[in-house]
Structure formats: C-alpha cells, structure tokens
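First up is the structure itself, then whatever we jot down about it.
The values are calculated or read from the model by the stated rules, or taken from the named source; none is laboratory data. All values reported here derive from a predicted model rather than from experimental measurement. As a convention, Cβ positions derive from the backbone with ideal geometry for all residues, glycine included, and neighbour counts pool all protein chains shown. Accessible surface areas use protein heavy atoms only, side chains included; no ligands, DNA or RNA. Shrake-Rupley method; radii C 1.70, N 1.55, O 1.52, S 1.80 Å.
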Amino acid sequence: MKADQQISSAEWQVMRIIWTLGSSTSAEITTLLQKKVDWKAATIKTLLGRLVDKGALSTEKEGRGYRYFPEISEQDAMFQSADDLFDSICERQVGPALHHVIQHATLSKENIEDLRHLLEEKIKTAPDQVDCCCVPGRKMDC
C-alpha cells in the first residue's frame, strides 16, 4: 500500500472480510457485507476499486468477475493505522488515549500479561512528565 494513503472505516470492513477469507470475489464480499451493513453493491465495488488503487488489494479475473487478494497484512495495516493516530495527537494525550483503548477493549489474559510486562519495562526509562510538542520550541500545558 502507498505509504501516504490510509484505509477508511468503510474500507476496513471490506479488508476484514478479505483478510479472514484469504481471498474473495466481489459477489462474496457483497453478500457478506450486506448482512452487516446497508450498502448497495455499487458502493462495495467502489470501495474495492479504491483499495486496488491504494495497493491494498490485487485482482485476478475469475469468470465474469474478479477475485481480490490482500497485498498488505491485517497486522501491518493495523500498526500503520495506530501509528498514524498517535502521530497526530499531542504526545501528552497518548497516555489517556491508551487508557481509554485498554479500558474499552476486550483483552485475553495473555494480552494483559504482555501489556503488564511491557509497562514494567517501560517504567524503567519513562520520563516523569511528557512535554507537549504541538508548538515547536514551546512547552505548554494541553
């Protein structure tokens, strides 16, 4: 996928089906998505075209239609999306944002143990306070 292009919320719906199935036809994607959301087939085909243009999907002709294949992994897309989000917010707000995410996410016991271990390591080198970097050269309260 092109580095400067993000996947929209609607495109994520399409990608999750393709990641889950490994590949899929436009007819399969349309049938599955219409069970979840009230979208017309034309809308779904537009989203598929955008994802191909972004390099997130590739196509192969199959009969009268196309089969779509993911060109990026779900984990890579997820990490890029998270990086983009946290790069766009004030550094002082990262902690509260992560708190909110963790509080509202469904996590396994293994996930929680991994996070606990990571936080125990991070605290060893964490600063007492994170400075705001929203305005270069100025330390401000946000």
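Three semi-axes describe the equivalent ellipsoid of the stretch 3-53; taken as square roots of 5 times the Cα gyration tensor eigenvalues and ordered largest first, they are 17, 12, 10 Å. Note: the stretch 48-126, Cα convex hull, 148 Å³ per residue. Spherically averaged projected area of the convex hull of Cα atoms, the stretch 88-134: 3.9 nm². Normalised per residue, the accessible area of the stretch 23-132 is 74 Å², obtained with a 1.4 Å probe and no contribution from ligands, DNA or RNA. For the chain, modelled as a GNM whose springs connect Cα atoms under 10 angstrom apart, the maximal fluctuation among L98, L85, L57 occurs at L98.
Tell me the carbon and sulfur percent of the accessible area for the chain, rounded to whole percent, probe radius 1.4 Å. Heavy-atom surface of the chain belonging to carbon and sulfur, 1.4 Å probe: 52 percent.
Once each of the trypsin sites (Lys or Arg not before Pro) sitting in a DSSP loop with at most 11 other beta-carbon atoms within 10 Å is removed, the chain keeps 65-123 as its longest stretch. Farthest toward the positive end of the dipole of the chain, out of T125, I44, V94, is the Cα of I44, where the dipole comes from beta carbon charges about the Cα centre.
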